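Read-outs: derived from the displayed coordinates by stated rules, not from any lab. As the structure is a prediction and not an experimental result, all values here were calculated from the model. Cβ coordinates were reconstructed from backbone atoms using ideal geometry, including for glycine residues, and neighbour counts include every protein chain displayed.
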Amino acid sequence: MATISLDEFKSEVLEFLDANAEKKPPLKKFEWGEGSDEVSIFDEQDRSEEERTVAAAKKWRAKCFDAGFGWIQGPEQYGGRELSAAHERLYASLEAQYRTPNMAPFGISLGMVAPTILAHAIPEVKDAYLSDLYRGDQIACQLFSEPGAGSDLASLQTRADRDGDEWVVNGQKVWTSNAQFSDIGEIICRTDPELPKHKGLTGFIVNMTAPGVDIRPLRQMTGGASFNEVFFNDVRVPDTHRLGDVNQGWTVALTTLMNERASIGAGVGGGGGLTSSERLAAMLSHFGLADDPVYRNEAAAIYIDFQVAKLTNQRALDKIKAGGLPGPELSIAKLSLTNNLKRLSEFMAGVLGPRILADTGEWGTFAWSKLLCGVPGMRVAGGTDEVMKNIVGERVLGLPKDPGIDSKTPFKDLQVGTQR
């Protein structure tokens, strides 16, 4: 497909958006008490609302894909346009000027699973899923975390045993976002327990509606149930749906994890609209803190931190979109996001006091409880803060690795610190 200039592309995009979406009204000065009272990062919906959100997202995604805007940088053979990162940024900036459905249901599908399929699946599987994922006809989830593995993904115990041209999967995954709406899932299983833990893993694409798949919601303290635990009981997966070579699943997992950190870090790296200077200033004015030097300084610092993270993330994403591989810098993006959200939630708790947890009916108060209750989960999602710090220390700063554990030495014989 021939490359078109940015001006030609802009005209094409505007023609499509004008015909299919309503343009947002011009922005005006933010006034406390006007507009939505939702804290969008951790907004929770009931099941019927979730279903409506997914249906609307699928309808819009299909319309964009059919018009040539569903995978702007993607390969032409899968419905992409093979255009540049600049074209994609232009489309995103133009679409943001219109009222369109929330695309959150596709965050994992397109930010994590689809790039892994493109990198590691055989042509047959790419043909089967990539176009459908980018068109929104199918939704994918990520099946990595397990109850007994904690932050150490390589310790996972879900088994996949070969049976001719199929694999039989047994085990449990947990904290799986959007599993209740997913058609397929990317799963990492242990295929050779005799090998060292990083060596005996294999990745697969599994049908989430196959016999033996049991999806159960997990209620969170935010009030929602977007996470799930998923049980696999003799679930059969064709060998054609294997990602990469047998026992080379750690490489597959790293591809997904790096894209996950990019997706999480960039998705709300700018604060999700919560940290606009106008919103923070209006909030401080409303609660009589506009002249308080401590709160003014903290509000400015929060705004700056989010903007720096946003620009840093854009550099990493531009590298990926230019053909580079996700790198350890994405761990910085993930770590900065959780630090910034933690700082924001603590700031809001200080400004609002009990109103952040007691629903007084006052605009702009109780909705922030979702942020306060949701931040601890973000410090685990996509890799814990502790894991991110290790990656940054070892792979970015060049610090020595953590000392390994000698499994042959009894715990009681280990010398820890100075005996007193």
Self-check item: FRET E, pair Arg343, Val294, Förster distance 22 Å, beta-carbon r, rounded to 0.05
Solution: 0.95
Quiz item: From the Cα gyration tensor of the stretch 122-220, with a ≥ b ≥ c the square roots of its eigenvalues, which class applies: rounded if a/c is under 1.5, or else prolate if a/b is larger than b/c, or else oblate?
Solution: oblate
Quiz prompt | Two-site label geometry, Ile304 and Ala92: point separation in nm, points 7 Å out along Cα→Cβ | solution = 2.5
Practice problem: Using label points projected 7 Å from each Cα along Cα→Cβ, tell me how many nm separate Ala62 and Leu14, to one decimal. | Solution: 3.0
Self-check item: Integer Hz, Karplus 6.51/-1.76/1.60 couplings in order for the stretch 232-248, x for Gly and Pro
Solution: 10, 10, 6, 7, 9, 10, x, 4, 4, 8, 6, 9, x, 7, 4, 6, 10
Quiz prompt | Dipole magnitude of the stretch 176-248, debye to nearest 20 (Cβ charges: Lys/Arg +1, Asp/Glu -1, about Cα centre) | solution = 200
Practice problem: Mind jotting down the distance between the C-alpha centroids of the stretch 52-97 and the stretch 136-195, whole Å? | Solution: 29
Quiz item: Ranked highest first by the average count of other Cβ atoms within 10 Å around their residues, in what order do 133-145, 385-397 fall?
Solution: 133-145, 385-397
Exercise. Rank the residues Arg159, Arg219, Arg61 as a footprinting-exposure proxy: fewest other Cβ atoms within 10 Å of their Cβ go first.
Key: Arg219, Arg159, Arg61
Exercise. Return Trp71, Trp363 ranked ascending by Cβ neighbour count within 10 Å, so the fewest neighbours appear first.
Key: Trp363, Trp71
Quiz prompt | Theoretical FRET efficiency, 1/(1+(r/R0)^6), r = Cβ-Cβ of Lys199 and Asp127, R0 41 Å, to 0.05 | solution = 0.85
Quiz item: Given 0.36 nm per residue, what is the gain on full extension from Asn233 to Arg52 after removing their alpha carbon distance, in nm?
Solution: 62.1 nm
Self-check item: Integer Hz, Karplus 6.51/-1.76/1.60 couplings in order for the stretch 103-109, x for Gly and Pro
Solution: 8, 4, x, 9, x, 6, 3
Practice problem: With θ set to phi - 60°, apply the Karplus curve 6.51 cos²θ - 1.76 cosθ + 1.60 along the stretch 7-19 and write out the HN-Hα couplings as whole Hz, x wherever there is a Gly or Pro. | Solution: 5, 5, 5, 4, 4, 5, 5, 5, 4, 5, 5, 4, 7
